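K.L.:
Can you read through this structure? Questions will come right after.
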Ligand SMILES: *Cc1c(COP(=O)(O)O)cnc(C)c1O
């Protein structure tokens with residue numbers, strides 16, 4: 001094993017080391033077949049076992065109810081910014097979608113959706129540079145809306161819903177790309193949840209959609225078949241050649257998550273990890289968190305230093321200490337530590353210790 005590096009990159013993000021070791025070990029010879037998992041047919045019995053196992057693990061690990069379907073879709077999360085309105089707006093004649101804009105990804109999502117129907121941004125944090133979650137509740141959503149939309153964790157700004165709003169009869173759509181399976185999910189409040197894989201699940205380019213079955217089958221007439229959820233549902237996501245390597249990797253990640261105690265286990269570990277970093281920030285006049293405390297994220301911890309020179313020095317010294325990819329997004333500046341499921345507690349302990357030492361010597 002090479003020198004220990006902790007990767008705090010926002011995405012593509014680190015994967016659990018045992019998962020990557022397993023991939024390496026199986027890569028040239030998948031279970032005695034003499035060929036690689038990326039060389040076998042998506043219609044083979046071996047791949048069928050992989051995708052079925054992945055489904056089974058999602059149901060077990062995340063407690064997905066029976067009336068929700070699992071779709072493996074092309075094009076990452078951003079393709080869902082189009083797929084959601086194309087599939088769900090026709091649920092009601094007004095073709096209305098209501099969005100809470102809590103960051104760049106929900107902004108992109110509502111801009112894209114506006115190409116397809118009547119899109120309302122009912123709440124927005126734009127005036128506060130998205131440093132908190134604006135209120136978003138059922139009474140802000142008209143009765144003729146087809147769906148209400150949130151981003152559960154705002155990857156760039158470092159905010160996260162501690163619980164989902166209760167939208168009652170209106171299906172809630174959740175972009176959970178940066179926090180899926182990081183904690184238990186209250187599916188009674190969710191109509192559709194999607195996440196691209198590269199933060200908590202596997203490689204980039206593919207997404208998982210968890211959808212209540214009554215929401216399938218309503219797509220606009222001209223929806224491309226590979227964007228229509230019905231196509232994925234009817235073919236077990238294999239209408240064409242899907243990204244078999246991504247699904248295989250996700251399956252291994254789900255096995256790993258099960259060993260960590262499922263979403264309950266992950267939630268506990270994730271709270272501990274974030275707590276180590278927030279403790280340093282809260283106890284310091286040198287570091288300043290960029291978000292409101294009640295809304296801060298357990299996945300992306302964002303903070304600033306007193307000036308740009310110190311920020312640059314922090315990044316350089318951190319890298320020299322094996323702490324990689326801590327630069328904040330340009331929209332916020334400062335530092336962002338992305339600590340998704342795969343980041344071990346030791347990584348956060350190492351960063352917390354580094355922060356304390358850096359403040360002592362440079363502060
Ligand atoms: C990373 C991210 C996206 C973009 O994902 P792509 O797969 O690159 O389209 C969308 N939403 C959220 C919340 C993200 O964190």
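The values are calculated or read from the model by the stated rules, or taken from the named source; none is laboratory data. This one's a predicted model, so the numbers in the text were calculated from it and none came from an experiment. All Cβ positions, glycine included, derive from the backbone under ideal geometry; neighbour counts span all protein chains shown.
K.L.:
Take the conditions within 16 Å of the ligand (Cβ to nearest atom), in a loop (DSSP other than H, G, I, E, B) and surrounded by fewer than 22 Cβ atoms within 10 Å (Cβ to Cβ) and apply them to residue 180. Does it pass? Lay out the reasoning, then the answer.
P.N.:
Working: within 16 Å of the ligand (Cβ to nearest atom): yes; in a loop (DSSP other than H, G, I, E, B): yes; surrounded by fewer than 22 Cβ atoms within 10 Å (Cβ to Cβ): no.
No: the conditions fail for residue 180.
K.L.:
Could you tell me which residue of the stretch 83-107 is nearest to the ligand (Cβ to nearest atom), considering only residues that are assigned to a loop (DSSP other than H, G, I, E, B) and farther than 18 Å from residue 124 by Cβ?
P.N.:
Initially, the stretch 83-107 is screened for residues assigned to a loop (DSSP other than H, G, I, E, B), giving 92-95, 102-103.
So of that shortlist, the ones also farther than 18 Å from residue 124 by Cβ come out as 92-95.
Numbers: 92: 25, 93: 29, 94: 26, 95: 23 Å.
That would be 95.
K.L.:
Okay, moving on. Assigned to a helix (DSSP H, G or I), crowded, with 17+ Cβ neighbours inside 10 Å and under 14 Å from the mean Cα position of the chain (by Cα): does that describe residue 250?
P.N.:
Working: assigned to a helix (DSSP H, G or I): yes; crowded, with 17+ Cβ neighbours inside 10 Å: yes; under 14 Å from the mean Cα position of the chain (by Cα): yes.
In short, yes.
K.L.:
To continue, here is another question. Just checking, which of 246, 274 is within 23 Å of residue 15 (Cα to Cα), out of contact with any helix residue (DSSP H, G or I) (no Cβ under 7 Å at 6 or more places or on another chain) and more than 15 Å from the ligand (Cβ to nearest atom)? Spell out the reasoning first.
P.N.:
Values: 246 fails: more than 15 Å from the ligand (Cβ to nearest atom).
Result: 274 is the single residue among 246, 274 that is within 23 Å of residue 15 (Cα to Cα), out of contact with any helix residue (DSSP H, G or I) (no Cβ under 7 Å at 6 or more places or on another chain) and more than 15 Å from the ligand (Cβ to nearest atom).
K.L.:
Restricting attention to the stretch 17-32, does a residue exist that is within 30 Å of residue 339 (Cα to Cα) and either within 16 Å of the ligand (Cβ to nearest atom) or part of a loop (DSSP other than H, G, I, E, B) (or both)?
P.N.:
Start the filter on the stretch 17-32 by keeping residues that are within 30 Å of residue 339 (Cα to Cα), which leaves 17-27.
Adding the requirement that they be either within 16 Å of the ligand (Cβ to nearest atom) or part of a loop (DSSP other than H, G, I, E, B) (or both) leaves 27.
Yes: one or more hits.
K.L.:
Of these, 80, 60, which one is away from the ligand (no atom under 12 Å from the Cβ) and part of a helix (DSSP H, G or I)?
P.N.:
Working: 80 fails: away from the ligand (no atom under 12 Å from the Cβ).
Of 80, 60, the one residue that is away from the ligand (no atom under 12 Å from the Cβ) and part of a helix (DSSP H, G or I) is 60.
K.L.:
Working carefully through the options 42, 63, 95, find the one that is touching a strand residue (DSSP E or B) at 6+ places or on another chain (Cβ under 7 Å) and surrounded by fewer than 20 Cβ atoms within 10 Å (Cβ to Cβ). Step through it out loud before you land on a result.
P.N.:
Values: 42 fails: touching a strand residue (DSSP E or B) at 6+ places or on another chain (Cβ under 7 Å); 63 fails: touching a strand residue (DSSP E or B) at 6+ places or on another chain (Cβ under 7 Å).
The match here is 95.
K.L.:
OK, next. Can you pull out every residue in the stretch 340-363 that is modelled with pLDDT of 95 or more and touching a helix residue (DSSP H, G or I) at 6+ places or on another chain (Cβ under 7 Å)? Give the steps one after another, and end with the answer.
P.N.:
First, the residues of the stretch 340-363 that are modelled with pLDDT of 95 or more: 340-361.
Those that are modelled with pLDDT of 95 or more and touching a helix residue (DSSP H, G or I) at 6+ places or on another chain (Cβ under 7 Å): 341, 343, 345, 348, 349, 351, 352, 354, 355, 356, 358.
K.L.:
Does at least one position in the stretch 212-224 carry a residue that is touching a strand residue (DSSP E or B) at 6+ places or on another chain (Cβ under 6 Å) and either in a loop (DSSP other than H, G, I, E, B) or under 17 Å from residue 47 (Cβ atoms) (or both)?
P.N.:
no
K.L.:
Could you identify the single residue in 286, 303, 314 that is closer than 13 Å to residue 8 by Cβ and over 25 Å from the mean Cα position of the chain (by Cα)?
P.N.:
Details: 286 fails: closer than 13 Å to residue 8 by Cβ; 303 fails: over 25 Å from the mean Cα position of the chain (by Cα).
Among 286, 303, 314, only 314 is closer than 13 Å to residue 8 by Cβ and over 25 Å from the mean Cα position of the chain (by Cα).
K.L.:
Suppose we keep only residues that are within 20 Å of the chain's Cα centre (by Cα) and surrounded by 18 or more Cβ atoms within 10 Å (Cβ to Cβ) within the stretch 108-121. Which one would you say is nearest to the ligand (Cβ to nearest atom)?
P.N.:
109
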